[in-house]
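Asker: First, the structure itself, so that you have it in front of you.
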Amino acid sequence: MLMSLITENTYLRQGYLNPEGGYRREIYREEAQFVVDKLARGTSIHALRRFYNRVKGLERSMDRGRLFNQQKSQLYELQSHAYYAAKRHLVNAFFPTFMDRNVDQAVTNWEQFEGFVKHFESVVAYFPTEPGFPRQGGTSNGQAR
């Protein structure tokens, strides 16, 4: 799926997994870049990393999936926290949609949760470190940083 064809309605419609059971390439690239484009205005890298670190903490506490069913309810807290962060203008209005879409799939099973972790990691990796500037090694106003 090309990034230009990704919309809020089609984002993650195909889930994280491909028909062979591996993770879809798009969650690492096109769909991650779509999310970055939607979040870049009005969301700081610091707020994004706070949520990502919470997801990574949940991943560790789930002990490679053995405790997934006991702890998956904590994922739902991320949704309410996303709405609260948006209300306080720490993230933009798309961020709760991002969390809703991902948590709804991530609570299904361990593989889906891991897909969410991988996708979120890609979003953080592509996210600009400073407003208006590309990632390290890019150019700003045509000049190397």
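Asker: If each of His46 and Asp100 carries a label point 7 Å out from its Cα toward its Cβ, how far apart are those two points in nm?
Answerer: Spacing of the two 7 Å Cα→Cβ label points: 2.8 nm.
Asker: Also, quick follow-up: Shape verdict for the chain, please, from the Cα gyration tensor: rounded (a/c under 1.5), prolate (a/b greater than b/c) or oblate.
Answerer: prolate
Asker: Oh, and also: Is the C-alpha gyration tensor of region 35-102 telling us rounded, prolate or oblate? Criteria: a/c under 1.5 is rounded; beyond that, a/b larger than b/c is prolate, otherwise oblate.
Answerer: Since a/c reaches 1.5 and a/b is larger than b/c, the shape of region 35-102 is classed as prolate.
Asker: Taking 0.36 nm per residue of sequence separation and subtracting the Cα-Cα distance, how much length would be gained by fully extending the chain between Arg13 and Gln79, in nm to one decimal?
Answerer: Between Arg13 and Gln79, full extension yields an extra 21.9 nm.
Asker: Mind ordering 18-28, 100-110 by average Cβ neighbours within 10 Å, highest first?
Answerer: Ranking, from highest mean packing down: 100-110, 18-28.
Asker: Same structure again: Over the chain, what is the relative contact order in whole percent, taking alpha-carbon pairs under 8 Å and six or more residues apart?
Answerer: Relative contact order, the chain: 30 percent.
Asker: On to the next question. Amide H to amide H, which residues 5 or more places from Leu17 or on other chains are under 5 Å from it, using H placed in the peptide plane?
Answerer: Hits under the 5 Å cutoff: Arg24.
Asker: Ordered by residue, what ³J(HN,Hα) values in Hz, to whole numbers, does region 101-109 give under the Karplus form 6.51 cos²θ - 1.76 cosθ + 1.60, where θ = phi - 60° and Gly and Pro are x?
Answerer: 4, 6, 5, 4, 7, 5, 6, 5, 6
Asker: Sticking with this one: Per DSSP helix of 4 or more residues, -39500 (n - 2.57); summed, then divided by the residues of the chain. What does that give at 222 nm, rounded to the nearest 500?
Answerer: The helix-only estimate for the chain comes to -16500 deg cm²/dmol at 222 nm.
Asker: A follow-up question, please. Within region 98-129, which residues have the backbone N less than 20 Å from the label spot 7 Å out from Leu67 along Cα→beta-carbon, could you tell me?
Answerer: From region 98-129, the list is 106-118.
Asker: Follow-up question, since we're still on this one. Between Arg29 and Ala125, how many nm apart are label points set 7 Å from Cα along the C-beta direction?
Answerer: Each label point is offset 7 Å from its Cα along the Cβ direction, giving 1.2 nm.
Each reported figure results from applying straightforward, stated rules to the coordinates on display, with no laboratory input. All of these numbers come straight from a predicted model, not from anything done at the bench. So basically every Cβ, Gly included, is an ideal-geometry build from the backbone, and we count neighbours across all protein chains shown.
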